[in-house]
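*Asks:* Below is a structure I'd like to ask you about.
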Amino acid sequence: MKNIVILISGGGSNMAAIVRHAEQAGWARRFGARVSAVVSNKADAKGLQFAREHHLATAVLDHKAFPSREAFDAALMAEIDRLGGAGSEADQPALVVLAGFMRILTPGFVAHYAGRLVNIHPSLLPAFPGLHTHQRALDMGCKFAGATVHQVTAELDHGEILEQAVVPVLPHDTADTLAARVLTQEHLIYPRAIERLLAGLA
């Protein structure tokens, strides 16, 4: 079984969309794949409750408890590999999915999961990498915004683009209203991008 480990820091709405789609689309039957675990760097992340209700393994690693970013990432790698079943099959976990995981990852972490690490970013990359994407799009007078699923590299919000969705920027949009409109599309394109990756691994 190809295991997918999802990392979250908060509500985990993209994680929930992926889990629901995996169940409805029969990833286990079609690709021999499943979401096996959800890991958070915050104990109060609301998405953990959803994961437990769906009988997924969960773990919490508080980044504040570690002396350095490298130390945290090393512990995180060990936990992901444990939950992903490393040792039972080659290249487990098959995918590590960042779903609102609010940590900049070290080059060593990215290299460890090279080709297996994906993220979603709330802009049409390469435009507006980093934070505050919706306000920046509004400030620039953009007519369109959107979201991008991409492979993760050591450079922030770069890497091969796997899927994008475009939404219009409306005349009276705020950062919040635009973010809500983009999020509905994130919930559609992230599961779809992962499914395409799984099809390539099958």
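Read-outs throughout are calculated quantities, based only on the coordinates presented, and are distinct from any laboratory measurement. Computed from a predicted model, the values in this text were never measured in an experiment. Counting neighbours? That spans all protein chains shown, and the Cβs are built from the backbone with ideal geometry, glycine included.
*Asks:* Tell me, yes or no, whether region 41-49 has at least one residue that is among the aliphatic types (A, V, I, L, M) and within 26 Å of residue 180 (Cβ to Cβ).
*Replies:* yes
*Asks:* Just to be sure, is residue 33 under 21 Å from residue 195 (Cβ atoms), buried (at least 19 other Cβ atoms within 10 Å of the Cβ), over 16 Å from the mean Cα position of the chain (by Cα) and of a type in the set (A, V, I, L, M)?
*Replies:* yes
To keep it simple, each residue is scored yes or no on (1) out of contact with any helix residue (DSSP H, G or I) (no Cβ under 6 Å at 6 or more places or on another chain); (2) part of a strand (DSSP E or B).
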| residue | (1), (2) |
| --- | --- |
| 126 | yes, no |
| 130 | yes, no |
| 159 | yes, no |
| 166 | yes, yes |
| 172 | yes, no |
| 183 | yes, no |
| 186 | no, no |
| 195 | yes, no |
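*Asks:* Now a separate question. Any residue in region 7-18 that is crowded, with 22+ Cβ neighbours inside 10 Å, touching a residue at least 40 places away in the same chain (Cβ under 8 Å), more than 14 Å from residue 99 (Cα to Cα) and not charged (D, E, K, R)?
*Replies:* Taking every residue of region 7-18 in turn, none turns out to be crowded, with 22+ Cβ neighbours inside 10 Å, touching a residue at least 40 places away in the same chain (Cβ under 8 Å), more than 14 Å from residue 99 (Cα to Cα) and not charged (D, E, K, R).
*Asks:* Quick one: which helices (runs of 4 or more DSSP H) lie wholly within region 1-99 and hold at least 2 residues that are within 18 Å of residue 120 (Cα to Cα)? Talk me through it step by step, then tell me what you get.
*Replies:* Details: elements: 13-25, 27-31, 47-53, 69-84.
In region 1-99, 13-25 are the helices (runs of 4 or more DSSP H) which contain 2 or more residues that are within 18 Å of residue 120 (Cα to Cα).
*Asks:* Name the pairs whose Cβ atoms lie under 6 Å apart, with the first residue in region 148-163 and among the small types (Gly, Ala, Ser), the second in a loop (DSSP other than H, G, I, E, B) and surrounded by fewer than 18 Cβ atoms within 10 Å (Cβ to Cβ), and 6 or more positions between them or separate chains?
*Replies:* Filtered contacts from region 148-163: 159/153.
*Asks:* Right, next: Are any residues in region 132-157 among the small types (Gly, Ala, Ser), more than 18 Å from the chain's Cα centre (by Cα) and assigned to a strand (DSSP E or B), and if so, which ones? Spell out the reasoning first.
*Replies:* Narrowing region 132-157 to residues among the small types (Gly, Ala, Ser): 137, 141, 145-147, 154.
After this cut, where a residue has to be more than 18 Å from the chain's Cα centre (by Cα) as well, the list is 137, 141, 145.
145 - this is the single residue of region 132-157 that is among the small types (Gly, Ala, Ser), more than 18 Å from the chain's Cα centre (by Cα) and assigned to a strand (DSSP E or B).
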